[in-house]
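Engineer: Can you keep this structure in mind? I'll have questions shortly.
The values are calculated or read from the model by the stated rules, or taken from the named source; none is laboratory data. Just so it is clear, the model here is predicted, and its values are computed rather than measured. Every residue, glycine as well, gets a Cβ built from its backbone with ideal geometry; the counts of neighbours run over all protein chains shown. Accessible surface areas use protein heavy atoms only, side chains included; no ligands, DNA or RNA. Shrake-Rupley method; radii C 1.70, N 1.55, O 1.52, S 1.80 Å.
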Amino acid sequence: MSEAAEVWIGGRWAQRFLDLAKHLSRWSKDPSTKVGCVVVGPDREIRAIGFNGFPRGISDDGRLAVREQKIAIICHAEENAIMNAARVGVPLKGCSAFVTWPPCTRCARSLIQAGVTCVVFPETDVPERWREDFEISTALMREAGIERGSAEARGSAVPEGRPVQGDATRCS
């Protein structure tokens with residue numbers, strides 16, 4: 001097991017970080033998709049957080065309702081967490097990312113470049129329109145050696161409608 005996967009011994013830590021990511025996702029003003037991300041170091045310390053939203057200083061007035069504009073401007077939760085860490089000089093190499101939704105290719109390549117070595121997200125049925133992108137994302141992470149995992153629900157709610165399965169003591 002890698003150092004990044006050690007973050008979850010006992011499983012409750014993975015659930016806690018996913019619960020925190022879910023809380024962060026509620027900060028998003030996006031009316032259709034709310035995603036949160038928590039990046040954690042090897043000692044279970046939170047290094048960065050993010051949720052999907054517009055860049056700092058950019059007004060979301062009316063733009064969230066126009067899908068084409070929203071997609072072009074919005075920062076995804078993983079990107080936001082990475083950029084927040086970079087802004088204050090916090091390294092993410094060797095960290096684990098806990099996300100409320102499987103990373104897209106855009107976020108997968110950012111996680112790879114940031115040095116994240118493990119990504120955890122709830123098991124979910126990916127909508128058809130995103131399925132190909134998530135298949136490519138999964139292949140990219142596998143090729144880059146990023147461990148992927150899901151956390152087992154242990155009495156704590158994970159994102160509604162997104163059951164969480166698997167062994168939280170491992171990230172593979």
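Engineer: Taking the stretch 70-90 on its own, how many of its residues are in a loop (DSSP other than H, G, I, E, B), within 23 Å of S59 (Cβ to Cβ) and open to solvent by 50 Å² or more (accessible area, probe 1.4 Å)?
Structural biologist: Residues flagged as in a loop (DSSP other than H, G, I, E, B), within 23 Å of S59 (Cβ to Cβ) and open to solvent by 50 Å² or more (accessible area, probe 1.4 Å) within the stretch 70-90 amount to 1.
Engineer: Still on this structure, please answer the following. Can you pull out every residue in the stretch 91-121 that is outside any helix (DSSP H, G or I), over 10 Å from the mean Cα position of the chain (by Cα) and not charged (D, E, K, R)?
Structural biologist: Scanning the stretch 91-121 gives P91, L92, G94, C95, G115, V116, T117, C118.
Engineer: Here is a follow-up. I need every pair where a residue in the stretch 84-100 that is more than 13 Å from V116 (Cα to Cα) has its Cβ under 6 Å from the Cβ of a residue that is buried (at least 24 other Cβ atoms within 10 Å of the Cβ) and not small (G, A, S), sequence separation at least 6 or different chains.
Structural biologist: T100/V35
Engineer: Can I ask one more? In the stretch 18-68, which residue that is assigned to a strand (DSSP E or B) and touching a residue at least 60 places away in the same chain (Cβ under 8 Å) is surrounded by the most Cβ atoms within 10 Å (Cβ to Cβ)?
Structural biologist: Out of the qualifying residues, it is C37.
Engineer: Hey, A14 hits all of (1) in a helix (DSSP H, G or I); (2) modelled with pLDDT of 95 or more but one; which does it fall short on?
Structural biologist: Failing condition for A14: (2).
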